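These notes concern the structure reproduced below.
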Amino acid sequence: MRAIRVASAALLGVTALTFSAPAAVAKETDITPFGFSVLPSTVAAGGQVALLLERNHGGCRGSATVTSEVLDTVIIPPHKSYATAVVDWDARPGAVYRVTFTCDGVSGSTSVTVTGGRPDGPTPVPLHPDRGVHAGEGGTSIAGFDLKELGMGAALITGSIGAAYYFSRRRADEDDA
């Protein structure tokens, strides 16, 4: 009977650890020394997108090349952090296309989704070229997590292990009586 309780507590602990794994690990597969993004990430065929590149931390010093099936190849010069491109008119509505940023021999990809309909005018894109782009940490040791997030995760794991131990000991005392 005790082995079942111990196995249940161990399974509960492993489950808690599994579900508390950071979502960034499961979601992000491209780790580059520079940040990049496409704004907006959902656009109609024929719409304009901004191709943003984070150069603040020195991860991309040279020219950056941006390629995609639905965009013309764009080269972002070393002294710029953004460029614009127009999505091809023949892009399929509802399709998701990969956009690849390559700089200094390192490549990273993101996606752009094409919506149905046609744009009425230029797609509004929030650009602030004088302030640069904040596109994430891009591979630092704790990947942008703050102490509050780490503390809450540790408290959740500790609480689940403590609850499993408490309930297993409580039942052991009831069985002995």
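Tabulated data
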quantity: Packing-based ranking, highest mean first, of 44-53, 84-93 given that Cβ atoms within 10 Å are counted; calculated: 44-53, 84-93
quantity: Cleavage-rule hits, trypsin sites (Lys or Arg not before Pro), the range 61-119, DSSP coil, Cβ neighbours within 10 Å at most 16; calculated: Arg61, Lys80
quantity: Per residue solvent-accessible surface (Å²) - the range 39-103, probe of 1.4 Å; calculated: 49
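The values are calculated or read from the model by the stated rules, or taken from the named source; none is laboratory data. It should be emphasised that the depicted structure is a prediction, and the values quoted were computed from it without experimental measurement. Reconstructed Cβ throughout: ideal geometry from the backbone, glycine too, with neighbour counts over all protein chains shown. Accessible surface areas use protein heavy atoms only, side chains included; no ligands, DNA or RNA. Shrake-Rupley method; radii C 1.70, N 1.55, O 1.52, S 1.80 Å.
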